[in-house]
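> Pasting in a structure now, in structure tokens, and then I'll have a few things to ask.
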Amino acid sequence: MKLMTKMLATIFLLGSSHLLAGDKLTDIPNYRAYSPSFSSSGQPTAEQLKTVAEAGFERVIYLAFSDNQTAIETEDRVVKTLGMDYVHIPVDFDKPSVKDFEGFAAVLNRDKQERTLLHCQINLRASSFSFLYRVIYGGIPMATAKQDLDAIWVPDEVWYAFIVKVLKQHGLSHQCADCDWAENEMGE
């Protein structure tokens, strides 16, 4: 009985530290959890990356350039040292490409159950890629994914055109009954 109590206490403590780390995730700029295995955010600090690892994340994907002012110079090393996989896909904010998105989707599709944090500097690139991935590969209704996107930002003309192009390449329309793209539909 004593051994069983000790084992349960250990499990509780391990679970509690996991939960505490999860609570700290919301301190990361613009953190959004879309599912138990997929989240996006702005740039975490090195200490917040430790929290990400403690919360059970197994992979970090970074979508901005490493010379960005708020980037962590050695993020790849920090993430690997914490035992997580690291993927860097530098996406030009002014020229996002279908190739960028497809590269990201290929990484995520290799192991969909691997708990992943997708981030950039503010969560503009990452929330847009998340929107597209969830609609195209996750079967999430477009209106639901759009609400999550809108909670972070309203894509500008460049990103709106990018979203429309990626959806079209996957045989989807950006139109949906509950989607308000009106502010972006310039010349369409």
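The values are calculated or read from the model by the stated rules, or taken from the named source; none is laboratory data. None of these values were measured; they are calculated from a predicted model. Cβ sites come from the backbone with ideal geometry, for glycine too, and all protein chains shown count toward neighbours.
> Taking region 139-154, which residues are under 12 Å from ASN123 (Cα atoms) and crowded, with 20+ Cβ neighbours inside 10 Å?
Correct list: LEU149, ILE152.
> Still on this structure: Give region 61-83 a look and list any residue that's of a type outside the set (A, V, I, L, M, F, W, C), surrounded by 13 or more Cβ atoms within 10 Å (Cβ to Cβ) and in contact with a helix residue (DSSP H, G or I) (Cβ under 7 Å, 6 or more places away or on another chain), or say none.
TYR62 - this is the single residue of region 61-83 that is of a type outside the set (A, V, I, L, M, F, W, C), surrounded by 13 or more Cβ atoms within 10 Å (Cβ to Cβ) and in contact with a helix residue (DSSP H, G or I) (Cβ under 7 Å, 6 or more places away or on another chain).
> Out of the residues in region 31-49 that are in contact with a helix residue (DSSP H, G or I) (Cβ under 8 Å, 6 or more places away or on another chain) and either over 20 Å from ALA151 (Cα atoms) or at pLDDT below 95 (or both), state the one that is surrounded by the fewest Cβ atoms within 10 Å (Cβ to Cβ).
In this case the residue turns out to be ALA46.
> Go through region 32-55 and report how many residues are closer than 19 Å to GLN113 by Cα, assigned to a loop (DSSP other than H, G, I, E, B) and touching a strand residue (DSSP E or B) at 6+ places or on another chain (Cβ under 7 Å).
1
> For region 155-172: of the residues being aromatic (Phe, Trp, Tyr) and touching a residue at least 60 places away in the same chain (Cβ under 8 Å), which is farthest from ILE122 (Cα to Cα)?
Taking the candidates together, the pick is PHE162.
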